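Colleague: Here you go, one structure.
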Amino acid sequence: MRIAVQLQPQHADYEDIRKAVVTAEDLGVDVIYNWDHFFPLSGGEPDPNVGKHYECWTMLGAWAEQTTRAQIGALVTCNSYRNPQLLADMARTVDNMSGGRLVFGIGAGWFQKDYDQYGYEFGTAGGRLRALDAAMPLIKERLAQLDPEPRRKIPILIGGGGEKVTLRIVAEHADIWHGFGDVETMTRKVKVLDEWCAKVGRDPAAVERSMGMQPFHERVEDLSERADQYAAIGANELTIGLTGPDYDMTNLEHLVAWRDAR
């Protein structure tokens, strides 16, 4: 069981983020993620999508040098924002910089303000999923061609819960699936993912399951019970999101202690 934290790069100075990365690694987390957006997703006043924010992959390069043990990655990078072969090269570079600790998280994209403000075509959800489907073989092919090669077979994490398309793409291409929802929802999605794996001829055990812990808890005391429930349905990784500028580590400490007690 891995414990992961998503340090959301919003409403914080970079000094706050740097301190949070150090603190999280010192606490013993297994993976430290950021996210791939250009604007805050929450917390701005009066507009929730206004405030301080930093770019994903530039930050991951800094984290590769700043950390020594924890894996790092984006939860998740948006396939729409970069040429897939360039994205593979970026991932390989950060993997080498970190000594082989990158988790390559990717998804189809969804936040329209990013697209509109940076000049990307938003299109439709179906079109973005088709683009992700087409990009995955190109990314894998480019990763195999780069010199120097990645330090390890970079684990590919695909985020999303769509049962008709996204989970089929996960079954075909991912080493890790990330989703979030209450236990009932996640139980159903795990079953659907297993069914897709069977359809595409892949062992379901080959796809690890990363499950988000928010926003489905309100008290730190609830975390252990929720973590036990996700573990019972096959979670390999539990992820908690923290936002700036404070990056309160209380819940993260509780989850690390729960992991260690297991």
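Colleague: Right, ALA206: touching a residue at least 24 places away in the same chain (Cβ under 8 Å), of a type in the set (Gly, Ala, Ser) and either surrounded by 15 or more Cβ atoms within 10 Å (Cβ to Cβ) or within 23 Å of LEU102 (Cβ to Cβ) (or both) or not?
Modeller: Working: touching a residue at least 24 places away in the same chain (Cβ under 8 Å): yes; of a type in the set (Gly, Ala, Ser): yes; either surrounded by 15 or more Cβ atoms within 10 Å (Cβ to Cβ) or within 23 Å of LEU102 (Cβ to Cβ) (or both): yes.
Answer is yes for this residue.
Colleague: Can you say whether GLY99 is outside any helix (DSSP H, G or I), farther than 20 Å from GLY127 by Cβ and touching a strand residue (DSSP E or B) at 6+ places or on another chain (Cβ under 6 Å), as far as the supplied structure shows? Give the derivation first.
Modeller: On the way: outside any helix (DSSP H, G or I): yes; farther than 20 Å from GLY127 by Cβ: yes; touching a strand residue (DSSP E or B) at 6+ places or on another chain (Cβ under 6 Å): no.
No, not satisfied.
Colleague: Go through the residues of the stretch 218-230 one by one and say whether even a single one is modelled with pLDDT under 95 and aromatic (Phe, Trp, Tyr).
Modeller: no
Colleague: Restricting to the stretch 234-258, what's the tally of residues that are buried (at least 18 other Cβ atoms within 10 Å of the Cβ), assigned to a loop (DSSP other than H, G, I, E, B) and on the phi < 0 side of the Ramachandran plot?
Modeller: So the answer is 3.
Colleague: Only one of (1) of a type in the set (Lys, Arg); (2) over 16 Å from LEU157 (Cα atoms); (3) modelled with pLDDT of 90 or more is not met by ARG209, so which one is it?
Modeller: (2)
Colleague: Exactly one condition in (1) surrounded by 16 or more Cβ atoms within 10 Å (Cβ to Cβ); (2) in contact with a helix residue (DSSP H, G or I) (Cβ under 9 Å, 6 or more places away or on another chain); (3) in contact (Cβ under 8 Å) with a residue 24 or more places away in the chain; (4) of a type outside the set (A, V, I, L, M) is false for PHE122; which is it?
Modeller: Going through the list (1) surrounded by 16 or more Cβ atoms within 10 Å (Cβ to Cβ); (2) in contact with a helix residue (DSSP H, G or I) (Cβ under 9 Å, 6 or more places away or on another chain); (3) in contact (Cβ under 8 Å) with a residue 24 or more places away in the chain; (4) of a type outside the set (A, V, I, L, M), PHE122 breaks only (3).
Colleague: Continuing with this model, one more query. Of the conditions (1) farther than 24 Å from ARG92 by Cβ; (2) modelled with pLDDT of 95 or more, GLU45 satisfies every one except a single condition; which number is it?
Modeller: Here GLU45 meets the rest and fails (2).
Colleague: Specify which of the listed residues (GLN117, GLN112, GLN145) is within 23 Å of ILE72 (Cα to Cα) and of a type in the set (S, T, N, Q).
Modeller: Details: GLN117 fails: within 23 Å of ILE72 (Cα to Cα); GLN112 fails: within 23 Å of ILE72 (Cα to Cα).
Being within 23 Å of ILE72 (Cα to Cα) and of a type in the set (S, T, N, Q) holds for just one of GLN117, GLN112, GLN145, which is GLN145.
Colleague: Let me ask something else. Show the residue pairs that are 6+ apart or on different chains and have beta-carbon atoms under 6 Å apart, the first residue being within the stretch 65-86 and closer than 22 Å to THR239 by Cα, the second being surrounded by fewer than 20 Cβ atoms within 10 Å (Cβ to Cβ) and among the acidic types (Asp, Glu).
Modeller: THR67/GLU25; ALA70/GLU25
Colleague: Give just the number: which of (1) under 25 Å from VAL170 (Cβ atoms); (2) surrounded by fewer than 17 Cβ atoms within 10 Å (Cβ to Cβ); (3) among the hydrophobic types (A, V, I, L, M, F, W, C); (4) in contact (Cβ under 8 Å) with a residue 60 or more places away in the chain does LEU27 not satisfy?
Modeller: (1)
Colleague: Looking at the stretch 48-64, which of its residues are without any contact (Cβ under 8 Å) to a residue 60 or more places away in the chain and either crowded, with 17+ Cβ neighbours inside 10 Å or among the small types (Gly, Ala, Ser) (or both)?
Modeller: Step one: of the stretch 48-64, the residues without any contact (Cβ under 8 Å) to a residue 60 or more places away in the chain are 48, 50-51, 53-64.
Once the filter is applied, which keeps residues that are without any contact (Cβ under 8 Å) to a residue 60 or more places away in the chain and either crowded, with 17+ Cβ neighbours inside 10 Å or among the small types (Gly, Ala, Ser) (or both), the stretch 48-64 yields GLY51, HIS53, TYR54, CYS56, TRP57, MET59, LEU60, GLY61, ALA62, TRP63, ALA64.
The values are calculated or read from the model by the stated rules, or taken from the named source; none is laboratory data. As the structure is a computational prediction, the values presented were derived from the model and not from experiment. Note that we place each Cβ from the backbone using ideal geometry, even for glycine, and neighbour counts take in every protein chain shown.
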